[in-house]
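Trainee: Right, I'll just put the structure down here and ask away after.
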Amino acid sequence: MLHVAVIIKLEPDFSEGNVSYNSDGTLNRAETKNILGPHSAVACNAAFYCKVRYGAQVSVGTMGPPIAESALKQAQILSDAEELNLYSDRMFAGADTLATAEVLKNGIEKMFGGNKIDIVFSGHRASDGETGQTGPQTAWKLGYTFLGNVIDFEIDLERKVVFAKRVISLQGMDTIIEEIESPLPVFITIDPSYRSIFNTVSQRLAANNFRKEASKRIEDTGQYLKILDGKKLELDPKLVGLPGSPTIVYRVEKIPRAKTNRKAEIVDPSNVNNLAPVIEKLIQISRGK
Amino acid sequence: MKMSKLTSEDAKSKTDEKYRHIYVIIEHFEGRVVPVSLEMLGEARRLMDDFNQKYDSAEKVVALVLGSNVRSLCEELVNYGADSVVYANHDELKYPRNDIDTRIIVQIAKDTQLIKEISPEYLNTFARPRYMFFAADNIGRHLSSTVLAELESGLASDINKLVISDLDIRHEHKTKGKTVRYEKILEMYRPDFSGFLWTTILCLDNKNPEILREYHPQGCSIIPGAFKPIDRDSSRKGTVIEYSPEGYQRSKIKILNRKVVEKTIDYDTSKVIVSFGRGIKDNPEQNIRLIEDFAETLGAAIGITLPLSKKPYQLSQTLDSKYMIPDRVIGTSGSKVAPSLYVAIGLSGAVQHVAGMKESDIVISVNTDENSPIIDESDIFIKGKLEEVVPLLTEQLKKQIQAISIRSN
């Protein structure tokens with residue numbers, strides 16, 4: 001039996017109507033709703049694919065305050081998870097990526113009764129924090145092979161091997177698609193361009209059945225939910241939260257406006273004639289050599 | 001060349017520190033050094049020159065490069081600012097693979113014997129690098145994470161400004177509420193996703209007696225394009241050191257195939273780029289269509305601002321998967337462009353966006369708000385709603401183009 005974990009994150013909802021910006025362009029966190037992050041959702045889809053294709057059991061984990069339960073619920077809809085884990089403790093507050101990875105590592109090790117997970121999926125980065133560090137750091141602490149920027153994957157259950165395609169795009173260089181093979185267990189961060197596709201009728205049927213199952217399961221999330229604090233996770237308080245974080249946020253400031261050497265000519269478009277010189281310029285440049 | 005020249009005698013007088021040097025992790029591709037690596041070397045050079053003067057020391061910029069046939073890159077790294085280059089050369093290292101690269105970089109970082117060749121004056125005290133720089137790209141982002149996880153130290157990502165200073169810190173945990181002086185701290189500036197806020201991140205030892213712990217190196221990943229390389233100087237001198245990894249382990253990752261994909265969006269060859277931002281919000285679907293039509297008439301490529309890549313709107317699948325993607329982002333988190341003409345539609349001009357387009361020859365913006373920062377980057381500012389201005393521009397353009405083609409026939 002294949003065991004799959006998904007690590008997710010509750011994030012600000014950037015969709016119009018839900019996101020709120022301050023007048024200076026910064027995010028108004030108090031007014032903005034939180035949802036399951038879009039990259040986390042893609043990771044859930046990858047786990048669901050494992051369920052349909054390989055009969056995997058899925059466990060979802062997140063570190064956060066009690067309200068993060070709502071993200072777990074959304075993740076269960078997408079992945080039909082058998083297990084939901086909320087790692088929640090006051091002492092986790094203020095954690096940087098290293099201290100977060102410490103919690104997630106112990107959490108993953110305890111899923112399905114312990115040391116069962118073959119593949120961990122996570123989104124490639126969170127929309128709000130955007131560091132993209134937590135995944136690979138958790139992988140390293142777990143001792144799992146880390147595969148980043150994965151756009152597609154297949155598993156050979158007999159050989160316990162994953163085949164993956166990943167994208168590598170470096171500044172000023174050609175984009176490369178790399179096909180790789182690695183023995184399980186692995187930690188995969190899924191690229192946002194990943195789409196799970198079910199090709200055969202039986203796969204589509206299975207997917208439908210699991211979706212139905214998921215919608216039943218979320219009626220009674222409590223049955224699947226485990227809330228684990230630092231003690232239950234057997235964490236060393238010195239390695240989590242603020243005490244376990246090498247980094248601190250020292251200062252937050254507005255970025256000063258960029259220096260400029262342009263002086264804009266302001267054009268009023270209510271009179272079409274005012275646009276004539278603009279059009280001329282547009283044509284000149286776009287058609288010029 | 002301007003460098004504080006100290007004799008090793010001078011330096012010896014202050015050799016009690018365990019952490020020394022900036023280690024810069026170099027990336028290369030098909031025999032070429034990736035530009036961000038030279039940019040990091042440039043910034044490391046500037047920081048280290050100031051550092052050595054200020055602290056009366058002789059610390060180094062050390063470049064680390066892994067690969068096969070990488071010996072030939074080493075001189076170039078010296079020309080661009082490295083004092084020492086440590087390279088590991090092996091067929092197994094031909095392409096970046098996180099597991100093996102992490103282990104070797106960590107070995108090099110902890111290798112005190114290498115210091116004999118890099119800076120013999122620090123041989124007896126050296127434990128680890130003081131600072132470590134990685135690229136914030138597909139390779140460096142993950143590599144920095146795993147290397148710093150193994151070294152159990154702090155890492156800040158996506159940095160575009162660095163300052164080294166002595167700071168008085170008062171922190172509940174780090175200093176148990178007391179004010180404590182920290183020396184030679186790397187202030188790592190990180191722009192947030194909106195491009196309007198800068199967060200400064202520090203990696204600090206715990207000086208609180210209850211949780212006493214040292215966190216070095218102070219690590220960061222650096223945004224490509226954020227810093228300038230120094231001018232290439234072929235007369236620069238540096239030491240090149242080959243490193244043979246001990247207890248050599250193979251990677252678990254087998255590379256089966258690598259192929260180049262055609263770029264779907266190529267801003268480098270685009271003469272005209274039309275970009276849009278959250279100004280499309282009143283009717284995103286329709287407004288994108290208007291902009292599409294306009295761009296097509298101009299023969300322009302289309303870009304977006306970073307917030308749009310967060311998929312803030314409900315759109316048809318065709319428009320969503322075509323435009324609301326990270327590949328289209330112009331700015332420090334995406335592409336840096338310099339077309340002959342840049343048309344900025346309904347975008348406010350966050351610093352992180354401006355950094356990606358300010359080299360454009362001519363900038364025309366369409367915006368309702370004269371106070372939005374994009375006006376500072378514009379040659380022409382059309383004040384109006386994009387819903388009205390854009391179709392008008394398209395219509396006028398089409399008329400003119402038709403007139404020209406009739407004339408030329």
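Trainee: Report the one residue of B:L123, B:I362, B:L347 whose Cα lies farthest in the direction of the positive end of the charge dipole of chain B (charges on C-beta: Lys and Arg +1, Asp and Glu -1; origin at the Cα centre).
Mentor: Result: B:L123.
Trainee: Here's another thing I want to ask about it. Semi-axes of the equivalent ellipsoid of the protein assembly as shown: what are they in whole Å, largest first, if each equals the square root of 5 times a C-alpha gyration tensor eigenvalue? Before the final figure, lay out the partial values.
Mentor: Values: eigenvalues 323, 246, 124 Å².
The three semi-axes for the protein assembly as shown are 40, 35, 25 Å.
Trainee: Here is a follow-up. Please compute, for the alpha-carbon atoms of chain B, the extent along each of the three principal axes and give them in descending order in Å.
Mentor: Principal-axis extents of the Cα atoms in chain B, largest first: 79, 52, 43 Å.
Trainee: Which entries in the list B:K116/B:K178; A:K165/A:K226; A:K51/B:K252; A:K105/B:K322; B:K263/B:K385 go over 27 Å, if you measure between the two C-alpha atoms of each? Don't skip to the answer; put the middle values down first.
Mentor: On the way: B:K116/B:K178 38 Å; A:K165/A:K226 34 Å; A:K51/B:K252 25 Å; A:K105/B:K322 36 Å; B:K263/B:K385 33 Å.
Going by Cα-Cα distance, B:K116/B:K178; A:K165/A:K226; A:K105/B:K322; B:K263/B:K385 fall outside the 27 Å limit.
Trainee: I need the calculated FRET efficiency for the pair B:S244 and B:E152, taking r as the beta carbon distance and R₀ as 35 Å, to the nearest 0.05. Intermediate results must be reported in sequence, preceding the final value.
Mentor: On the way: r = 25 Å, r/R0 = 0.73.
Computed FRET efficiency for B:S244 and B:E152 comes out at 0.85.
Trainee: May I ask for log10 I(q)/I(0) of segment B:272-408 at q = 0.17, 0.20 Å⁻¹, from a Debye sum over the Cα atoms as equal point scatterers with solvent left out?
Mentor: -0.87, -1.19
Trainee: May I ask for the equivalent-ellipsoid semi-axes of segment A:1-119, computed as the square root of five times each C-alpha gyration tensor eigenvalue and listed largest first in whole Å? Each step should come with its number before you reach the end.
Mentor: Working: eigenvalues 154, 64, 21 Å².
So the equivalent ellipsoid measures 28, 18, 10 Å along its semi-axes.
Trainee: Oh, and also: Please list, ordered by chain and number, the residues whose modelled amide H lies under 5 Å from the amide H of A:K226; skip anything fewer than 5 residues away on the same chain.
Mentor: The list, which skips near neighbours in sequence, is A:L84, A:N85, A:L86.
Trainee: Say R0 is 35 Å: what FRET efficiency, to the nearest 0.05, do A:K216 and A:L157 get from their beta-carbon distance?
Mentor: 0.80
Trainee: Taking the number of other C-beta atoms within 10 Å as the exposure measure, put B:K398, B:K60, B:K174 in order starting with the fewest.
Mentor: Details: B:K398 13, B:K60 22, B:K174 25.
Lowest to highest Cβ neighbour count: B:K398, B:K60, B:K174.
Trainee: Dipole magnitude of chain B about its Cα centre, charges +1 at Lys/Arg Cβ and -1 at Asp/Glu Cβ only, in debye to the nearest 20? List each step's numbers first, then the result.
Mentor: Numbers: 55 positive and 59 negative charges, 100 e Å.
Roughly 480 debye, rounded to the nearest 20.
Trainee: Just in segment B:341-379: which GluC sites (Glu not before Pro) are loop by DSSP and have at most 15 other Cβ atoms within 10 Å? Walk me through the numbers before you get to the answer.
Mentor: Numbers: sites: B:E359, B:E370, B:E377; in loops: B:E359, B:E370.
Sites meeting the loop and neighbour criteria: B:E359, B:E370.
Trainee: Using θ = phi - 60° and the Karplus relation 6.51 cos²θ - 1.76 cosθ + 1.60, list the HN-Hα couplings for segment A:175-189 in order, rounded to whole Hz, with x at every Gly or Pro.
Mentor: 6, 10, 9, 10, 9, 10, 10, 8, x, 6, x, 9, 10, 10, 9
Trainee: On to the next question. Could you name the lysines in cross-link range of B:K54, using Cα to Cα under 16 Å and dropping any fewer than eight places away on the same chain?
Mentor: B:K2, B:K5, B:K14, B:K184
Trainee: Counting only other chains, what is the mean number of Cβ atoms within 10 angstrom of the Cβ of each residue in peptide A:267-273? Walk me through the numbers before you get to the answer.
Mentor: On the way: counts 8, 3, 10, 5, 0, 3, 0.
Mean partner-chain Cβ count within 10 Å for A:267-273: 4.
Trainee: Please identify every one of the trypsin sites (Lys or Arg not before Pro) in segment B:219-322 that sits in a loop by DSSP and has no more than 11 other beta carbons within 10 Å of its own beta carbon.
Mentor: Numbers: sites: B:R232, B:R236, B:K237, B:R250, B:K252, B:K254, B:R258, B:K259, B:K263, B:K271, B:R278, B:K281, B:R289, B:K310, B:K322; in loops: B:R232, B:R236, B:K237, B:R250, B:K252, B:K263, B:K271, B:K281.
Passing both the DSSP loop test and the Cβ count: B:R232, B:K237, B:R250.
Trainee: Sticking with this one: According to a simple spin-label model (label point 7 Å from Cα along Cα-to-Cβ), what is the distance in nm between B:E387 and A:F112?
Mentor: So the label points at A:F112 and B:E387 sit 5.2 nm apart.
Trainee: Still on this structure: For an R0 of 51 angstrom, estimate the FRET efficiency from the Cβ-Cβ distance between B:E172 and B:Q314 and round to the nearest 0.05. Don't skip to the answer; put the middle values down first.
Mentor: Values: r = 43 Å, r/R0 = 0.84.
Efficiency computed from Cβ-Cβ geometry: 0.75.
Trainee: How far, in degrees from 0 to 90, does helix A:201-217 lean away from the longest principal axis of the Cα atoms of chain A, to the nearest 10?
Mentor: With rounding to tens, the tilt is 80 degrees.
Trainee: Residue-wise, which Karplus ³J(HN,Hα) couplings in Hz belong to segment A:223-238, taking 6.51 cos²θ - 1.76 cosθ + 1.60, θ = phi - 60°, and x for glycine or proline?
Mentor: Each residue's phi maps through the Karplus curve to give 5, 9, 7, 10, 9, 10, 9, x, 5, 4, 7, 6, 9, 7, x, 6 Hz.
Trainee: When 1/r is averaged over all different Cα pairs and the result inverted, which Kirkwood radius in Å belongs to segment A:3-239? Present the calculation step by step, with values, prior to reporting the outcome.
Mentor: Values: mean 1/r = 0.0547 Å⁻¹.
After inverting the pairwise mean of 1/r, the radius is 18.3 Å.
Trainee: Can you tell me the relative contact order of segment B:295-409? Whole percent, Cα pairs under 8 Å, sequence separation 6 or more. Each step should come with its number before you reach the end.
Mentor: Values: 160 pairs, mean separation 21.3, N = 115.
Computed value for segment B:295-409: 19 percent relative contact order.
Trainee: In whole Å, how far is the Cα centre of segment B:49-94 from that of segment B:233-292?
Mentor: Value for the Cα centre distance between the two parts: 23 Å.
Trainee: By a straight-distance test (C-alpha under 20 Å), which aspartates and glutamates pair with A:K110 as possible cross-link partners, with residues fewer than eight away in the same chain excluded?
Mentor: A:E69, A:D80, A:E82, A:E83, A:D89, A:E102, A:D118, A:D229, A:E234, A:D236
Trainee: Something else: Roughly how crowded by other chains is peptide A:109-119, in terms of the mean Cβ count from those chains within 10 Å of each of its Cβ atoms?
Mentor: Working: counts 0, 0, 0, 0, 0, 0, 0, 0, 0, 0, 0.
Taking all residues of A:109-119 together, the mean is 0.
Trainee: Figure the gain on full extension for A:V252 and A:A93 (residue separation times 0.36 nm, minus the Cα-Cα span) and round it to one decimal in nm.
Mentor: On the way: separation 159, 0.36 × 159 = 57.24 nm, distance 1.86 nm.
Extending this stretch completely gives an extra 55.4 nm.
Trainee: Right, something else. Dipole of chain B (Lys/Arg Cβ +1, Asp/Glu Cβ -1, origin at the Cα centre): which of B:Y182, B:Q113, B:S72 lies farthest to the positive side?
Mentor: About the Cα centre, the residue reaching furthest to the positive side is B:Q113.
Trainee: How crowded by other chains is B:306-314, given as the mean number of beta carbons from other chains within 10 Å of each beta carbon? Please report the intermediate quantities before stating the final value.
Mentor: Values: counts 1, 6, 1, 4, 11, 6, 7, 4, 3.
Mean shielding by partner chains, rounded to a whole number: 5.
Computed from the coordinates by the stated procedures, all read-outs in this text should not be read as laboratory data. As the structure is a prediction and not an experimental result, all values here were calculated from the model. Don't worry about glycine lacking a Cβ; one is built from the backbone with ideal geometry, like all the others, and counts go over all protein chains shown.
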